[in-house]
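Down below is the structure, laid out as structure tokens.
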Amino acid sequence: MIKVNELFCALIRNGITPDEDPVAVSGATGGVGSLVLATLIKSLNYDGVVTACGMVNGGDLPITVFPFIGRGIQLIGIDSVQYPMEKRSDVWEKLGVEWLPDTLDQIQK
């Protein structure tokens, strides 16, 4: 999802928002927070889901409730502080082996 965050950061820096030019994705992960997370939420399709796992850009969320009640958007918080290290290790192991995409070389380009 780093690429998605980079995309939205670039859009925001250039004054482009989903209000003007919708991107329309079904799901996203926001690791930045604040305006970037709000932009991700605005860009989701109906019944879309966004997970939040960081707030480097700020802890605020400059958005109304309209995407949530008007389009059924779900915001799911990911605990990156209190999650037990044993479970983190299990997830990292799966990410590096079992869940590793076959097309990783193509995705990262």
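Tabulated results
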read-out: Sole residue being modelled with pLDDT under 65, surrounded by 11 or more Cβ atoms within 10 Å (Cβ to Cβ) and touching an Asp or Glu at 6+ places or on another chain (Cβ under 9 Å), chosen from Leu11, Leu35; value: Leu11
read-out: Members of region 41-76 found to be among the small types (Gly, Ala, Ser) and under 14 Å from Ala28 (Cβ atoms), listed by number; value: Ser43, Gly48, Ala52, Gly54
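The values are calculated or read from the model by the stated rules, or taken from the named source; none is laboratory data. Every value quoted in this text rests on a predicted model; they were computed, and no experiment measured them. We place every Cβ from the backbone using ideal geometry, glycine too, and count neighbours over all the protein chains shown.
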